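Report on the following structure.
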Amino acid sequence: MDKEIVLEAKGLSCTYEMSDTPSLENVSLTIRKGQKIAVMGANGSGKSTFFLCCNGILKPEKGVLFFHGQPVDYSKKGLQRLRSKVGIVFQNPDNQLLSASVYQEISFGVLNLGFSKEEAKERVEQVMEEFSITPFRNRPTHALSGGEKKQVSIADILVMEPEVVLMDEPTAALDPKHTKLVYQVIEELSENGITVIVATHDVDYACQWADEIIVMEKGRVLAQDVPQKIFTSRELLKKANLEIPMVIRVTQYLQEADILEKESTVPRSIEDLEELIKERRR
Amino acid sequence: MDKEIVLEAKGLSCTYEMSDTPSLENVSLTIRKGQKIAVMGANGSGKSTFFLCCNGILKPEKGVLFFHGQPVDYSKKGLQRLRSKVGIVFQNPDNQLLSASVYQEISFGVLNLGFSKEEAKERVEQVMEEFSITPFRNRPTHALSGGEKKQVSIADILVMEPEVVLMDEPTAALDPKHTKLVYQVIEELSENGITVIVATHDVDYACQWADEIIVMEKGRVLAQDVPQKIFTSRELLKKANLEIPMVIRVTQYLQEADILEKESTVPRSIEDLEELIKERRR
Amino acid sequence: MTKTKNLIRASISIGMIFAITLPVNAMHIMEGYLSVGFCIAWGAVCLPFLIAGFISIQKTFKENSKSITLLAMAGAFIFVISSLKIPSVTGSCSHMTGTGLGAILFGPGAVSVLGLIVLVFQAVLLAHGGLTTLGANTFSMAIAGPLVSYGIFKLCQRIKVNRRAAVFLAAFLGDLTTYCVTSIQLGLAYPAEVGGSVASIIKFLGVFAPTQLPLAIMEGIITVIIVIALETY
Amino acid sequence: MIAIDALCYQSRLRNIHPGEKMLYTVVTLSICIISRSILGALFVLGSNYILTVVIGRIGGARYLKMMMAPVVFLLLSTAALLVNVSRQPLDGYAITLGSFYLTGSKESLFLAVQLIVTSLASVSCLYFLSLSTPMTDMIYILEKIYCPRLLTELMLLIYRFIFLLIEIASAIYISQNSRLGYRNLKRGISSFGQMGSALFIQSLKKSRHIYAAMEARGYHGEIRVLYEEKSIRLKEVGAIIIYESILILIAKGGI
């Protein structure tokens, strides 16, 4: 846990116009380089607002956001710097993919960064290759399937070579095949050292994937901890309206039935559980 | 299995304009009164097209659709009759809600059925009460949360008192709280004897809820059977790109590890599994 | 969409792209600014155009009932596109009239009626324009502007002008027409003490020129981008 | 999303019959622009402040800010009225400019004041209506007074669709902005155009989806919906009549 801190929020508060209750209230948290973070909480708990703050789209009324230890500079130049390093993949690709062709679409961000057409081309080609977009690069964006659109919308951001990628419910409305694909892409990002923050409702996924889980409710951070801690705290889960991951429920049954030892490590995925069951046999 | 057949498709085929491959190809299936049916398959496998056929929005090129044993009559009157009995709740409420007022929105369907204003009013009030819409009935639809919009879009259909309700991914983009709420509504529908057909990607839910599962791929029906059969056929699951429900995976591990007997009944939900584990102890 | 997301969009819309609180909205004549005679007269001038537009809409609707949601979307689209704040050098907020775009996409007949509805909504929801000035505003923004745009667009097509140039000219001149007609309307209503209506019209043209001329150019450029993007779609 | 729209649903006058509110607005507005009476206009400004802010409970600061919104138009256009270029000076004021005068008459000064005050009073009438009456209620009254069905149906749909499209436009804008799409004027214009076309394409798609959903609920050429009827209160109608009579007396009585 002594990796460098990339993003740090100190007492962020944010209230929207026409609203009586704040969307973010005194949010403090730290995110370290290369970590995999899942942000969980009901709709309206402030996840998206927090994301927009991280990227400088929203300026908090109170509190400070630090990027690499420096408070964010909300001047035009400062915002450009922040946005070139912190990218958001939005939930609905239809609101993100605007160009006619996949190639144009992906080049949007790089060109905005001020790169020349040649450099932009190189980067776009590379990203398309890396994230297996090349096979459908010549199709117009509106003719892509939901999963392909998602791939392109992720490439949109990656081409800008961000340090931190925020993803808002990346698998909403995707079928199992494409969900798997997106999860693979997320895995690759982490392997490349990118800090990934995912807002998700999928407890099973969060439990098995995340290094740390941030639980939010009504604009506040309820907890930030490792999955094993989060998902075994019944009180917290109840408060945040979260289900217990299946793996943990089954483990608890098995422990109660004395099939697994009470002290056994908490499995995070079904594969972990399989291991535990196999070990017991020996 | 000797309940009355409500809907029956015989060799339905349907091709969209601008497309070379048919969206539905020789689809034959039967749906019995009061059953809970889950339709599964990748995006583009024909689920939505099938739904639109059931309601007469699309007319199949080949094949016949029977409603209560009668082939559907595609005259204006015949369609009116079919649509009053078979309702579709669309996936995205924003593609369904047509009025800014919740009250107006819900009344649209009843008035189309030809009810008098007084009767319509009574029905609308009742449905709003029943599905806890009353608390936000005075807010405009554009100020509702995603979950609230979903509630309204379901009430839209239920107010017409249909015999069959088709729901296209009813919990997509909902948070756990509203997902639970929608599942509760679905449960109530079944208790009231309404036939419910749900298109879903959630294998765990389908496994525990459905009486029968219809698996589709590329416009064809691959299988129609009880969950225990569907989810233990590896070949089928692979072909349709479906995951194995967690419960069944865990059961298999436990069976392999000789903790559960190989012949034990296949549990459909985690609660079933708990029972099985407890029984074993005795 | 969740409630927060709505709220996010709400606040951002208001703060960033929807110029609702500070409209430099010179082209809508504000509520109460015209005397009764002119309110009624401009309404009467609009009437034949609106009736013709209404009949054409009704015809489309009878031919294909699907056009009801299409027409409504077109109306909503005109409303939204003309209330979005367009990027500008000075940082002042200004927006498109949408007349040229509307006329090219939907034709002047439909735009007259849709424009009337849009103007009612702009008056009530945004306080742009007003109820008593509805007739005058409808004539300048939903009838004269679109007619000129449409005419120029068709003319350019006939004499085979480059498509981009045609779209630009249509939108640019449509916007200018709206601006000129509004100035004429104001000038007629309030003739100058020296030089009468003509002098007054010139004064109004002069007062609004600094904001309207660059805006008309912007409207032209943006309309070109939109129309061309739609063609490649 | 749109401030006025959001506020009108919170107004405490919301549940008064929309016909009464529209009657009040139209009659008061007419008296304002027919009489152009400054006293009458001040009376209207005061009473609308009481109705909208004190009774309707719309925030006072916000209301005043809204009333300031049309001021740019007012100042620019009345300035055009006040300033003449002439060889002869008029009786109000005159500034020498070479052989010409920038000049205006006393009468035009009075006219300008009259125009500003009565226009603002009219704007306050418009705000009274829009800050107390949801659009759906107004459409209901339009239908009652025999506005063509096709028009009211279009209005009902357009009102709903406006918010759909605003939501999409804002989402697109945010995603462009987060990728630096508005970093300079050139990129900004291009991004804006892109947003426009994307918005148009999405609106076409939505219109198809919503039509299918309407058909699925048995739509056959006529949008019929129920309105939540509100009762007309004779007491309130009486108050409106008395109010307008007083207003006419004030307006007639002098300036």
Task: Total accessible surface hidden between D and C, rounded to 100 Å², 1.4 Å probe - done: 7200
Task: Radius 12 Å from Cβ of residue B:60, net charge of other residues (Lys, Arg +1; Asp, Glu -1) - done: +1
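What net charge do the residues around residue B:134 carry, taking every other residue with its C-beta under 13 Å from that of residue B:134, with Lys and Arg at +1 and Asp and Glu at -1? Walk me through the numbers on the way to the answer.
On the way: positive: B:137, B:139; negative: B:125, B:129, B:130, B:148, D:228.
Cβ neighbours under 13 Å give a net charge of -3.
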Task: residue B:173 long-range amide H proximity, modeled H, under 5 Å - done: A:173
Task: From the C-alpha gyration tensor of region A:104-179, square roots of 5λ in Å - done: 22, 15, 10
Task: In Hz, Karplus ³J(HN,Hα) per residue of region D:139-151 (6.51, -1.76, 1.60; θ = phi - 60°; x = Gly, Pro) - done: 4, 4, 5, 4, 5, 4, 9, 6, 5, x, 3, 4, 5
TODO: Classify chain B as rounded, prolate or oblate, taking a ≥ b ≥ c as the square roots of the eigenvalues of its Cα gyration tensor: rounded when a/c is under 1.5, otherwise prolate if a/b is larger than b/c and oblate if not.
DONE: oblate
Open item on the list: Modelling each spin label as a point 7 Å along the Cα-to-Cβ direction, I'd like the residue C:52/residue D:15 distance in nm, to one decimal.
Closed with: 4.9
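Classify chain C as rounded, prolate or oblate, taking a ≥ b ≥ c as the square roots of the eigenvalues of its Cα gyration tensor: rounded when a/c is under 1.5, otherwise prolate if a/b is larger than b/c and oblate if not.
Values: a/c = 1.28, a/b = 1.17, b/c = 1.10.
Verdict is rounded for chain C.
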Task: Neighbour net charge for residue A:163 - beta-carbon separation under 12 angstrom, K R +1, D E -1 - done: +3
Task: Teacher prompt: residue A:235 distances to equivalent labels in other copies, 7 Å Cα→Cβ, nm - done: 5.4
Task: chain B, accessible area per residue, ligands and nucleic acids excluded (1.4 Å, Å²) - done: 42
- [ ] Assign unit charges at the C-beta atoms only (+1 for Lys and Arg, -1 for Asp and Glu), then state the dipole size of the protein assembly as shown relative to its Cα centre in Debye, rounded to the nearest 20.
- [x] 2940
Task: Cα centroid separation - region B:82-124 against region C:72-89, whole Å - done: 30
TODO: Report, in whole Å, the centroid distance computed from the Cα atoms of region D:168-230 and region A:169-213.
DONE: 29
TODO: Amide H neighbours of residue A:220 under 5 Å, at least 5 residues apart or on other chains, H built in the peptide plane: list them.
DONE: A:25
Open item on the list: Filter A:36/B:218; A:59/A:218; B:229/D:205 down to the pairs with a C-alpha to C-alpha distance above 28 Å, please.
Closed with: A:36/B:218; B:229/D:205
- [ ] Can you spot the aspartates and glutamates whose alpha carbon is less than 18 Å from residue D:235's alpha carbon? Ignore those fewer than 8 places along the same chain.
- [x] D:20, D:244
- [ ] Collect residues whose amide H, placed 1.01 Å from N in the peptide plane, falls under 5 Å from the amide H of residue B:6; neighbours closer than 5 in sequence don't count.
- [x] B:31, B:32, B:33
Task: From phi via Karplus (6.51, -1.76, 1.60), per-residue ³J(HN,Hα) for region B:7-12 in Hz, x at Gly/Pro - done: 10, 9, 10, 10, x, 5
- [ ] Check each residue of region A:46-92 and keep those whose accessible area, probe 1.4 Å, is at least 30 Å² smaller with all protein chains in place than in the chain alone; give them in order of residue number.
- [x] A:48, A:52, A:57, A:76, A:80, A:83, A:90, A:91
Open item on the list: Going 7 Å from Cα along the Cα-Cβ axis for the label, what nanometre distances separate residue A:130 from the same residue across the other copies?
Closed with: 5.5
TODO: For each pair in A:150/C:160; B:85/D:144; B:76/B:117; D:21/D:106; B:150/B:238, compute the distance between the two Cα atoms and list the pairs where it is over 30 Å.
DONE: A:150/C:160; B:85/D:144; D:21/D:106; B:150/B:238
Task: Karplus 3J(HN,Hα) series, Hz, for region D:194-200 with 6.51 cos²θ - 1.76 cosθ + 1.60 (x for Gly, Pro) - done: 4, 4, x, 6, 4, 5, 5
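I need the shape label for chain D. Rule: rounded when a/c is under 1.5, else prolate if a/b > b/c, else oblate, with a, b, c from the alpha carbon gyration tensor. Don't skip to the end; give the middle numbers.
Numbers: a/c = 2.48, a/b = 1.26, b/c = 1.96.
Judged from the Cα gyration tensor, chain D comes out oblate (a/c at least 1.5, b/c at or above a/b).
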Task: Inter-label distance for residue D:64 and residue B:258, nm, one decimal - labels placed 7 Å from Cα along Cα-to-Cβ - done: 8.6
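The values are calculated or read from the model by the stated rules, or taken from the named source; none is laboratory data. Everything numeric in this text was worked out from a predicted model, so none of it was measured. Ideal geometry is used to build each Cβ from the backbone, glycine not excepted, and the neighbour counts take in all protein chains shown. For the accessible areas, the whole protein counts, side chains as well, though only heavy atoms, and no ligand, DNA or RNA atoms are used. Shrake-Rupley method; radii C 1.70, N 1.55, O 1.52, S 1.80 Å.
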